[in-house]
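A quick write-up on the structure given underneath.
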Amino acid sequence: MTHFDITKVLLTNFSGSKSAEEQAKELKLGFAEKYKLARLAIGRSLGEPSFPPTAPDASKYPLKGQQLFGSNGEELLWVSLLATNFKTYSPKAEFTIEQLQSMVRDHWHRGIGLLLEDWHEAEGRFEKFVEILVTRRALLAEENSSNEGTEDTWQGVAGSVWLTLGKLVDDGAEARWLVNGKGYAPNIALMGQAGSGKTHTMLKLLEQAQMQSGSPVILLDLGKGDLANNSMLAKQLNATVLRVPEQAIPLDMFYRNEDVDNAAHVLQSFRDSFERAMSSKPGPKQLDAFREALRSIFISKERISLAQIKQALDRYYSEKKIKTDAVIATINDLIQFNLFNPVQTPDEFFRNNWIITFGNATETSKKLAAFLLVDALHNYLKRCPESPLDEYGHRSLRVLLAIDEAKPLLAARHLGLSNLLRLHRSKGLCVMLASQSPDDYEGAADDYLEQIGLPVCFRTNANSPKVLNNMFGSAPNFSALDAGVCLSVLEAGGSMQKIKAY
């Protein structure tokens, strides 16, 4: 294989086929950027157990490699996947830039056709389309890893879990929503300005869900940390309160089960989270140095601490004679705080109830701790078997994750949060997000609102994103709502309803 500079890949033009461009118009997936559909198509084709046929032609509208693949480490993954695919079927052939262009075009062309078949099978319904991709088409080992070696001991009890939001304003009937029904996501988004009632309602729903399901609760307060002072709440949830950084989160954030977890993947997740937590974004060379400095300890060590990470970075920078930069400055700041202590395995930690607040944490330390916790939950759920179903298809709830003042996670476009919302319905995860505005969801790399089963909107002057308008069937006016009154849609495809939450 020819060794070419990855920079050349980023500057090279890549295209699909003319016919794929036409077929793509039939896919009503709402992607504003062309590269998103291209990536989905290429990934869909790479999952097939055969090499793609040659595309009939080339589109006149190419994308630069930097736009198609990304430039923050994603490009290495895409090129590696395509190179592996090529060598699987042509082990003795040379892999060149030209060959990479050809493969992209062929996979892009075939992938669009396959996605269109999936779309027709789903009868043009987005939720069913996603379900087909995730449950029947997803062949990647990373997200479908074996359940062998799992340490999971809690699967929950199968049965319906109904949450009562309040009473309908029109007729006074109870406004109820089935969390674990069939055909939609068990995730909740609560939006509204301060004092509108969103946090009060989220806590009420959280208590109901725990009472009916018996599931462990992880409640994160990313705001001022006031929930740590609510002793009645802690008693009702039977939760341990942690005030970070005064108290460390007692979780092995980088836990690996050797049978199913890959050290490189855990390190990559940490690097992504660290990068998003930094106030000034590192460049490609800094990210490469970060990965190389930590590679050995992520392979060889267990229960890695932040102090060990700092030692490894300092040693590498000294050996390579690299000057102090933003990465070192950030780790020097973080090491002053007591963010986590790797004493409990994920199985031990996620079996218990926690209220975790960050009232006195810096913005960087709060983000990093929250990102690592979300990543750890994602990796834990990947190892778990599917939650059991009752005879009516109600899936047991394994973990309830609630995040108050969730804007830092939403704004960071953190992949871990996206993974939780998209991938773990079958594992029994329910996520509740409370933030002050629908605008907090606007512009995310992954449209989180499309993974929401229950939207709950209190008073706010913010504009409603297009996805939220589609869910409500109109452009609702949230600014005229009284305190404690919200708008919601209790059934998929149903009409908007006004609810007196309290």
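The values are calculated or read from the model by the stated rules, or taken from the named source; none is laboratory data. Bear in mind the structure is a predicted one, so any value in this text is a computation, not a measurement. Note: ideal-geometry Cβ built from the backbone for every residue, glycine included; neighbour counts use all protein chains shown.
Picking from Pro408, Pro342, which residue would you name as being over 21 Å from Tyr255 (Cβ atoms) and surrounded by fewer than 23 Cβ atoms within 10 Å (Cβ to Cβ)? Just a single option satisfies the conditions, and that option is Pro408. Taking the criterion of being under 19 Å from Trp354 (Cα atoms) and β-branched (Val, Ile, Thr), the residues of segment 242-273 that qualify are Val244, Ile249. Summed over segment 315-333, the residues that are over 21 Å from Thr362 (Cβ atoms), in a helix (DSSP H, G or I) and in contact (Cβ under 8 Å) with a residue 12 or more places away in the chain give a count of 3. Out of the residues in segment 7-47 meeting the condition of being among the β-branched types (Val, Ile, Thr) and more than 17 Å from Phe86 (Cα to Cα), tell me which one is surrounded by the fewest Cβ atoms within 10 Å (Cβ to Cβ). In this case the residue turns out to be Thr7. Of the helices (runs of 4 or more DSSP H) lying entirely inside segment 385-500, those carrying at least 3 residues that are under 18 Å from the mean Cα position of the chain (by Cα) and assigned by TED's automatic domain parsing to the domain that holds Ser196 are 407-411, 415-423.
Just one of the numbered conditions (1) outside the structural domain of Trp177 (by TED's automatic domain parsing); (2) surrounded by fewer than 18 Cβ atoms within 10 Å (Cβ to Cβ); (3) part of a helix (DSSP H, G or I) is not true of Ser279: (3). From the list Ser50, Ser90, Ser71, Ser80, the one residue that fits, being within 25 Å of Asp272 (Cα to Cα), surrounded by fewer than 19 Cβ atoms within 10 Å (Cβ to Cβ) and at pLDDT below 85, is Ser71. With respect to (1) assigned to a helix (DSSP H, G or I); (2) more than 30 Å from Ser300 (Cα to Cα), the lone exception for Leu267 is condition (2).
Please indicate, with yes or no, whether at least one residue in segment 20-35 is in contact with a strand residue (DSSP E or B) (Cβ under 8 Å, 6 or more places away or on another chain) and either of a type outside the set (Asp, Glu) or at pLDDT 85 or above (or both). Among the residues of segment 20-35, at least one is in contact with a strand residue (DSSP E or B) (Cβ under 8 Å, 6 or more places away or on another chain) and either of a type outside the set (Asp, Glu) or at pLDDT 85 or above (or both), which makes the answer yes.
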